[in-house]
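> This is the structure I want to talk about, given as C-alpha cells.
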Amino acid sequence: MGHALMENRNGSIVHSDLTQAAGLAERKAALDMIHHHSPGSSRRLTLGADKGYDAAGFIADLRQACVTPHVAQKLRY
C-alpha cells in the first residue's frame, strides 16, 4: 500500500512510504511519516485527513506529537 504526506499549500509530496496492507496501516504510516518529516518539532503542524482517520487513538497520538488534526468526522447517530 502506498502512502504520501503532502504539503498543502503547493501540493508537493514531502514524504512517501510503502507498507503491507492491513487494517491500521494508513494511521500507522501517517504517524511514522509525521515523526520522520518533523522529528521533535517544537512548531505546531497541521494534518488534514478523511473520515477513515477519525479514531480517538489516532487523534490523541497527533495531539501528543504537537500536530493539530483536521479530520473529517464520521457520522454518529
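Taken together, the values in this text are just the output of simple stated rules run on the coordinates, not laboratory data. These numbers were taken from a predicted model, which means no experiment stands behind them. Counting neighbours? That spans all protein chains shown, and the Cβs are built from the backbone with ideal geometry, glycine included.
> Among the DSSP beta bridges whose two residues both lie in the chain, what percent are antiparallel, rounded to the nearest 5?
50 percent
> Could you give the length gained by full extension between residue 6 and residue 56, i.e. 0.36 nm per residue of separation minus their alpha carbon distance, to one decimal place?
Extra length from residue 6 to residue 56 when fully extended: 15.7 nm.
> Could you point to the residue in 77, 52, 14 farthest towards the positive end of the chain's charge dipole, with +1 and -1 charges on the Cβ of Lys/Arg and Asp/Glu respectively?
77
> How high is the relative contact order of region 21-77? Use alpha-carbon pairs under 8 Å, at least six apart in sequence, and give a whole percent.
About 37 percent, as a whole number.
> To make sure I understand, if each residue's beta carbon is the centre and we count other beta carbons within 10 Å, what order do 53, 77 fall in, fewest to most?
Least crowded to most crowded, the residues run 77, 53.
> Starting from the amide H of residue 14, placed 1.01 Å from N in the peptide plane, find each other amide H under 5 Å away whose residue is 5 or more places distant or on another chain.
5, 6, 7
> For a quick check: sort 13, 34, 59 by the number of other beta carbons within 10 angstrom, fewest at the front.
13, 59, 34
> Placing +1 at every Lys and Arg Cβ and -1 at every Asp and Glu Cβ, with all other atoms neutral, what dipole size does the chain have around its Cα centre, in debye to the nearest 20?
Values: 9 positive and 7 negative charges, 60 e Å.
For the chain, the charge dipole is close to 280 debye.
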